[in-house]
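Engineer: The following block contains the structure, expressed as structure tokens.
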Amino acid sequence: MAVEFARDITFGQYLDLRSPIHRLDPRTKIVATGLLMLCLFFTTSFASYAVMLAAAAGLLAITRVPLGYILRGLRLLMITLAIFFVFQVLFFRLPPGSQPLWQWGILSLSWEGVREGIRLILRVVLLYYLTTMLMFTTSMMDLADGFESMLGPLKHLRWPVNELVMVMVVALKFVPRLVAEIERLIKAQAARGARFDQGGLVARARRLARLLIPLFVSAFNRAEVLTTAMNARCYRGGQGRTKRRVLRLGRADGLALALAILFAGAALGVSRVVNI
């Protein structure tokens, strides 16, 4: 049985392609990504999604990230997206006066439901795309420095900003490691004769559940090693820590933010004008 989970997990990985986007200040990329993601929650028309897709295509061309690499990470979400689409279509509440194509109890099928399902998929795919592009173009240390700088005012309220950012970075780093670990466990069990590709859904779930205990044991061991390493380096939070790299905004950052605002404003404007 071929098990290649780690190959399809691209979330949290950094690709050093040295593009203009890679050289931007991490705060610029965080703000621009957050602005475009926020815009997706307020756009409802396909025309506005076309604007966002144009922005995504331009971002792909500038960063030079292979499209196949992005689609490889999206492959694991296809089943979830299909379930979202089916539920959105079958449980869509029609406006008064509309007639469904088919109805049985609380289930119904209509063109309005299909359109809403497509909008939902487009929104989720674009959110995933923006998040992964931020990860592909920004190293974890730059992300940590950017978030810590942006959340710096909270230190005056005695918020442990450095510790919160450190937890976020460690959690993101552990995602591909845990996936690789469960792949190693499945291959080890398969070499001993266990079959994870046979039987019904319940039987497969029971076999996979047996891997949770060694997976958690391995995760706790890694956490203990990380804790020992941080204590050996006298980590005491953000007090007294200095930065090797000082973040500075440049002209390219202003241009990138202006383009993000332009695309977000265009998408919102098109959504109000073109209601399809």
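Where a number appears in this text, it was derived from the coordinates with a stated rule and is not lab data. Please read these numbers as outputs of a predicted model, since none were measured by experiment. In this analysis, Cβ positions are derived from the backbone assuming ideal geometry, glycine residues included, and neighbour counts consider all displayed protein chains.
Engineer: May I ask for the net charge around Trp111, where only other residues with Cβ less than 15 Å from the Cβ of Trp111 are counted and Lys, Arg are +1 while Asp, Glu are -1? Could you put the intermediate results ahead of the total?
Structural biologist: Values: positive: Arg93, Arg115, Arg119; negative: Glu112, Glu116.
Once all neighbours under 15 Å are counted, the net charge is +1.
Engineer: Can you give the Kirkwood hydrodynamic radius of the chain from its Cα pairs, in Å with one decimal?
Structural biologist: 22.1 Å
Engineer: Quick check: residue separation of Arg72 and Ala180 times 0.36 nm, minus the Cα distance between them. What number comes out in nm?
Structural biologist: Numbers: separation 108, 0.36 × 108 = 38.88 nm, distance 1.58 nm.
Gain in length upon complete extension: 37.3 nm.
Engineer: So if R0 is 30 Å, what FRET efficiency would Arg23 and Ile121 give, r being the distance between their Cβ atoms, rounded to the nearest 0.05?
Structural biologist: Numbers: r = 33 Å, r/R0 = 1.09.
The computed FRET efficiency comes out at 0.35.
Engineer: For every other residue with a beta carbon closer than 13 angstrom to the beta carbon of Tyr128, add +1 if it is Lys or Arg and -1 if Asp or Glu, then tell me the sum. Don't jump to the answer; show the numbers that get you there.
Structural biologist: Values: positive: Arg72, Arg75, Arg123; negative: none.
Local net charge: +3.
Engineer: Select from Ala232, Ala180, Ala266 the residue whose mean-square fluctuation is largest in a Gaussian network model of the chain (Cα-Cα springs shorter than 10 Å).
Structural biologist: Result for the chain, Cα springs under 10 Å: Ala232 fluctuates most.
Engineer: Which value in nm describes the separation of the simple spin-label points at Val225 and Thr80, placed 7 Å from the Cα toward the beta carbon?
Structural biologist: So the label points at Val225 and Thr80 sit 2.7 nm apart.
Engineer: Computed over the Cα atoms, what is the radius of gyration of region 116-161 divided by 2.2 N^0.38 Å, N being its residue count? Before the final figure, lay out the partial values.
Structural biologist: Values: Rg = 15.7 Å, N = 46, 2.2 N^0.38 = 9.4 Å.
Taking the Cα Rg and dividing by 2.2 N^0.38 Å, one obtains 1.66.
Engineer: List Met135, Met168 from most exposed to least, where exposure is judged by having the fewest other Cβ atoms within 10 Å.
Structural biologist: Working: Met135 19, Met168 14.
With the sparsest Cβ surroundings first, the list reads Met168, Met135.
Engineer: Right, here's the next one. So if each residue of separation counts as 0.36 nm, and I subtract the Cα-Cα distance between Leu151 and Leu35, what length gain in nm does that give? Could you put the intermediate results ahead of the total?
Structural biologist: Working: separation 116, 0.36 × 116 = 41.76 nm, distance 1.67 nm.
Gain on extension, Leu151 to Leu35, equals 40.1 nm.
Engineer: Once you've got the GNM for the chain with C-alpha springs shorter than 10 Å, pick whichever of Thr43, Thr63, Thr227 has the biggest mean-square fluctuation.
Structural biologist: Residue with maximal mean-square fluctuation among Thr43, Thr63, Thr227: Thr227.
Engineer: With a 10 Å Cβ neighbour count serving as the proxy for reagent exposure, in which order, fewest first, do Ser108, Ser139, Ser149 appear?
Structural biologist: Ser139, Ser149, Ser108
Engineer: Of all the stretches in the chain, which is the longest one without any exposed loop site, taking chymotrypsin sites (Phe, Trp or Tyr not before Pro) in a DSSP loop (any state but H, G, I, E, B) with at most 11 other Cβ atoms within 10 Å? Show your work: numbers first, answer last.
Structural biologist: On the way: sites that count: Phe41, Phe91.
Value returned for the longest uninterrupted segment is 92-276.
Engineer: Over region 5-273, calculate the relative contact order: mean separation of alpha carbon pairs under 8 Å at least 6 apart, over the residue count, as a percent.
Structural biologist: It comes to 37 percent, rounded to a whole number.
Engineer: Suppose R0 equals 51 Å. What FRET efficiency, 1/(1 + (r/R0)^6) with r the Cβ-Cβ distance, do Ile213 and Glu163 give to the nearest 0.05?
Structural biologist: Details: r = 29 Å, r/R0 = 0.57.
With R0 = 51 Å, the Cβ-Cβ based efficiency is 0.95.
Engineer: Residue farthest toward the positive end of the dipole of the chain, with Cβ of Lys/Arg at +1 and Asp/Glu at -1: which of Val274, Leu53, Phe147?
Structural biologist: Farthest towards the positive end: Phe147.
Engineer: Using helices alone, I'd like the mean residue ellipticity at 222 nm for the chain: each DSSP H run of four-plus residues gives -39500 (n - 2.57), total over residue count, nearest 500. Working shown, then result.
Structural biologist: Working: 11 runs with 180 residues, N = 276.
Dividing the helical sum by the residues of the chain leaves -21500 deg cm²/dmol.
Engineer: Using only Cα atoms, what Kirkwood radius does region 81-176 have, in angstroms?
Structural biologist: On the way: mean 1/r = 0.0591 Å⁻¹.
This gives a value of 16.9 Å.
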